[in-house]
Amino acid sequence: MRVDLFDFELPQERIALRPVRPRDAARMLVVRGQGSALEDAGVLDLPNCLGPGDVLVFNDTRVLPAQLEGRRAGGEARIGATLHKRIDLRRWQAFVRNAKRVKEGDQLIFGGEVTAIAEARHRDGSLTLMFEGEEPVEVLLDRAGTMPLPPYIAQRRGVDEQDLADYQTMFAAEDGAVAAPTASLHFTDRLVDALDERGIGRETLTLHVGAGTFLPVKADDTDDHQMHSEFGRISAGTVQRLNAAREAGGRLIAVGTTSLRLIESAAGEDGRIQEFAGDTNIFITPGYQFRAVNGLMTNFHLPKSTLMMLVSALIGRERVMQVYAHAIKNEYRFYSYGDSSLLLP
């Protein structure tokens with residue numbers, strides 16, 4: 001499909017630069033089957049939009065302060081590095097600003113006496129960085145890094161201490177992401193309590209979101225786009241409970257596109273989910289037949305992005321354009337720190 005079919009115009013003032021407080025005070029646009037009216041609601045209405053036996057599936061990845069600023073040893077040119085994907089205990093794949101000034105073997109000097117050696121250059125232009133020393137890389141990042149806010153926020157204001165909390169979900173447990181699974185940012189203890197009281201299940205999986213999630217689709221046609229890969233894991237116990245919920249007639253509602261992509265990566269043609277541990281580069285576009293997921297809670301996405309294509313696959317491209325036009329007209333807040341939508345096809 002042509003990528004420009006997923007384009008839309010968004011007024012800059014609709015981009016949220018901070019989350020609402022409390023987190024569960026965000027608005028939520030409820031989208032049911034074709035022909036149904038759109039429902040303006042709030043995140044706190046979620047329990048009443050679902051039924052007993054339904055299961056919400058969250059991503060428990062934890063965002064690392066993976067944005068680094070520094071320079072090449074022996075040079076004055078500034079470089080920036082955004083870690084993208086862990087390779088091993090000391091190596092990370094990273095997108096580097098001013099990467100043309102960096103050669104394999106160069107030492108890169110960041111703040112807090114953190115250094116790394118530039119190693120292989122990848123086809124997508126990223127570099128492998130091998131962090132020096134014996135301290136865990138997570139410790140080095142806590143010392144030298146900042147939260148990797150999306151460009152549409154970071155370019156309009158500085159990253160600050162508040163983002164350390166704001167850009168982390170209440171489910172964060174597994175270190176490894178460089179972008180938040182933002183649909184889960186809306187959840188609070190009182191909302192979780194209300195879901196429990198309603199009899200709505202909760203499960204977690206892990207997908208370490210990479211910086212590639214913010215890369216624009218540069219191809220003119222979706223067939224020509226190379227999807228980035230990310231590491232994910234679904235435990236045997238989680239798989240057993242998710243399959244049991246489906247067999248009992250419950251719906252699996254992915255909280256965020258990351259959860260949806262991993263569930264679909266692990267599901268067979270019969271819809272049964274299998275234990276999973278490895279990379280996935282699943283690219284979901286219109287025409288895709290969903291195997292296990294019955295609905296999606298997600299924020300509003302960038303135009304011409306892979307995530308716009310995913311939601312179009314779930315509810316239809318024309319329906320998505322209707323939804324987004326409604327959200328813009330009714331002043332919903334967009335993107336990572338913005339409002340939510342609940343898609344129930």
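Would you please name the GluC sites (Glu not before Pro) within region 10-107 that are DSSP coil residues with at most 15 other C-beta atoms within 10 Å of their C-beta?
Counting only loop positions with at most 15 other Cβ atoms within 10 Å, the GluC sites (Glu not before Pro) in region 10-107 are GLU76, GLU104.
Direction-averaged shadow area of the convex hull around the Cα atoms of region 216-295, nm²?
The Cα convex hull of region 216-295, projected and averaged over all directions, gives 5.7 nm².
Leaving ligands and nucleic acids out of the surface, order SER336, SER36 by accessible area at 1.4 Å, largest first.
Values: SER336 10, SER36 50 Å².
The residues order as SER36, SER336, largest area first.
Where the centre of each part is set by its Cα atoms, how far does region 286-316 sit from region 22-86, in angstrom?
Taking the Cα centre of each part, region 286-316 and region 22-86 sit 14 Å apart.
What residue among GLN168, LEU64, MET147 has its Cα farthest toward the positive end of the dipole of the chain, where the charges are +1 on Lys, Arg and -1 on Asp, Glu, each on the Cβ?
Towards the positive end, the residue furthest out is MET147.
Write down Rg/Rh for region 94-187, rounded to two decimals, with Rg from the C-alpha atoms and Rh from the Kirkwood relation over Cα pairs.
0.99
Taking Cα pairs under 8 Å and at least six residues apart, what relative contact order does region 192-345 come out at, in percent?
So the answer I get is 22 percent.
State the percent of C-alpha pairs, over all pairs in region 1-158, separated by a distance greater than 21 angstrom.
Tail fraction, whole percent: 62.
I need the trypsin sites (Lys or Arg not before Pro) found in region 1-105, filtered to DSSP loop residues with at most 13 other beta carbons within 10 Å of theirs.
LYS103
Roughly speaking, to the nearest percent, how much of the chain's 1.4 Å accessible area is carbon and sulfur?
Carbon with sulfur: 46 percent of the solvent-accessible area.
Calculate the translational D of region 7-81 in whole µm² s⁻¹ from Stokes-Einstein, where the hydrodynamic radius comes from the Kirkwood formula applied to all Cα pairs, the temperature is 4 °C and the viscosity 1.567 mPa s.
74 µm²/s
Rounded to the nearest whole Å², what accessible area per residue is found for region 35-111 with the 1.4 Å probe?
The answer is 45 Å² per residue.
Per the Cauchy relation, a quarter of the hull surface: what is the mean projected area of the convex hull of the alpha carbons in region 189-345, in nm²? Don't skip to the answer; put the middle values down first.
Details: hull surface 40.4 nm².
Taking a quarter of the hull surface, the average projection is 10.1 nm².
Provide the descending list of Cα extents for the chain along its principal axes, expressed in whole angstroms.
62, 44, 41
Taking a ≥ b ≥ c as the square roots of the Cα gyration tensor eigenvalues, with a/c under 1.5 meaning rounded and otherwise prolate when a/b beats b/c, else oblate, which class fits region 151-225?
In terms of gyration-tensor shape, oblate.
Which value, in nm² and rounded to one decimal, describes the direction-averaged projected area of the C-alpha convex hull of region 262-316?
Dividing the Cα hull surface by four gives the mean projection, 4.3 nm².
Where a ≥ b ≥ c are the square roots of the eigenvalues of the C-alpha gyration tensor, would you call region 146-280 rounded, which needs a/c under 1.5, or, failing that, prolate if a/b is larger than b/c, or oblate?
oblate
Throw me the Rg/Rh for region 190-245, computed over C-alpha atoms with Kirkwood Rh, two decimals.
1.17
The values are calculated or read from the model by the stated rules, or taken from the named source; none is laboratory data. What you see is a predicted model; the values in this text were computed from it and never measured. Here the Cβ is made from the backbone with ideal geometry for all residues, glycine too, and neighbour counts use every protein chain on show. We work out accessible area using only protein heavy atoms, side chains counted, and drop any ligands, DNA or RNA first. Shrake-Rupley method; radii C 1.70, N 1.55, O 1.52, S 1.80 Å.
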